[in-house]
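A.B. asks: Structure provided below as structure tokens; questions to follow.
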Amino acid sequence: MIPQKAEDLGRQIGQTEEYKALQRAQDRLQDAKELGTQLRRLQELAEALERAMERGETPSDAERAAYEQVLSQVQADPVYQGMVVAQANFDKLMVRVNEHILDGIRQGAASPIITLS
């Protein structure tokens, strides 16, 4: 019974505007080749900075500047901004869903009546 209800909830979430907007934003991100290149470069720079700090080294000014430059380019991209907004809205939806599930759990735990249908 619980797996069926969970699947039904999943189907309903998949039909929400928040989920559909997230899917559209992910599709636009996939199509934005230059942005994808910038995101990969940003990841590489972040990993290089992290490795330097793990070795106890201070990243050079040039490394930090390169990271900051790529980061500001990525953050200024409208496709990236759309993805961030869509993800935040979907996350808010999921927080609300989880709060309702938690409320249901609390109500179920407090109820002396067992219903499994």
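A.B. asks: For segment 103-112, what does the Karplus curve 6.51 cos²θ - 1.76 cosθ + 1.60, with θ = phi - 60°, yield as ³J(HN,Hα) per residue in whole Hz, taken in order and with x for Gly and Pro?
C.D. replies: 4, x, 4, 4, 5, x, 5, 8, 7, x
A.B. asks: I would also like to ask the following. Mind checking the angle between helix 2-14 and the chain's longest principal axis? C-alpha axes, 0 to 90 degrees, to the nearest 10.
C.D. replies: The answer is roughly 50 degrees.
A.B. asks: Would you kindly derive the ³J(HN,Hα) couplings of segment 59-75 from the backbone phi angles with the Karplus curve 6.51 cos²θ - 1.76 cosθ + 1.60 (θ = phi - 60°), listing them in order in whole Hz, with x for Gly and Pro?
C.D. replies: x, 5, 4, 5, 5, 5, 5, 5, 4, 4, 5, 5, 4, 5, 5, 5, 5
A.B. asks: Hey, if you put +1 on the Cβ of every Lys and Arg and -1 on every Asp and Glu Cβ in segment 33-76, which of ALA46, LEU35, SER72 ends up farthest toward the positive end of that dipole?
C.D. replies: Highest projection toward the positive end goes to LEU35.
A.B. asks: Can you match semi-axes √(5λ) of the Cα gyration tensor in Å to one of these, (1) 42, 20, 11; (2) 25, 15, 12; (3) 36, 18, 11, based on a calculation from the structure here?
C.D. replies: Calculated semi-axes √(5λ) of the Cα gyration tensor in Å: the matching label is (1).
A.B. asks: With each label point set 7 Å from Cα along the Cα-Cβ vector, what nm distance links GLU17 and LEU71?
C.D. replies: Spacing of the two 7 Å Cα→Cβ label points: 3.4 nm.
A.B. asks: Right, here's the next one. Determine the relative contact order of segment 1-87: mean sequence separation of Cα pairs under 8 Å and six or more apart, normalised by residue count, in whole percent.
C.D. replies: 38 percent
A.B. asks: So how long is each side of segment 33-76 along the principal axes, counting just the alpha-carbon atoms, biggest first, in Å?
C.D. replies: Principal extents (largest minus smallest coordinate, Cα): 34, 15, 12 Å.
A.B. asks: Using +1 on the beta carbon of Lys and Arg, -1 on that of Asp and Glu, and nothing else charged, what's the dipole of the chain about the Cα centre, debye to 20?
C.D. replies: Taking the Cα centre of the chain as origin, the dipole is about 420 debye.
A.B. asks: Between segment 1-60 and segment 80-106, how far is it from one alpha carbon centroid to the other, in angstrom?
C.D. replies: 15 Å
A.B. asks: Just to confirm the number: angle between the C-alpha axis of helix 17-31 and the first principal axis of the chain, 0 to 90 degrees, nearest 10?
C.D. replies: Once rounded, one gets 30 degrees.
A.B. asks: Report the charge-dipole magnitude of segment 17-81 in Debye, nearest 20, computed about the Cα centre from +1 at each Lys and Arg Cβ and -1 at each Asp and Glu Cβ.
C.D. replies: 180 debye
A.B. asks: Still on this structure, please answer the following. Is it possible to state the helix-based mean residue ellipticity at 222 nm for the chain, with each DSSP H run of 4+ residues giving -39500 (n - 2.57), the sum divided by total residues, to the nearest 500 deg cm²/dmol? What is it?
C.D. replies: Numbers: 5 runs with 99 residues, N = 117.
When only DSSP H runs of four or more count, the value is -29000 deg cm²/dmol.
A.B. asks: Taking the dipole about the Cα centre of the chain, with the C-beta of Lys and Arg at +1 and of Asp and Glu at -1, give me whichever of ALA86, GLY14, ALA110 is farthest to the positive side.
C.D. replies: The one lying farthest along the dipole's positive direction is ALA110.
Any read-out appearing in this document is the output of simple, stated calculations on the displayed coordinates, not a laboratory observation. Keep in mind that what you see is a predicted model, and the values were worked out from it rather than measured. Methodologically, a virtual Cβ is constructed for each residue, glycine included, from the backbone with ideal geometry; neighbour enumeration extends over all protein chains shown.
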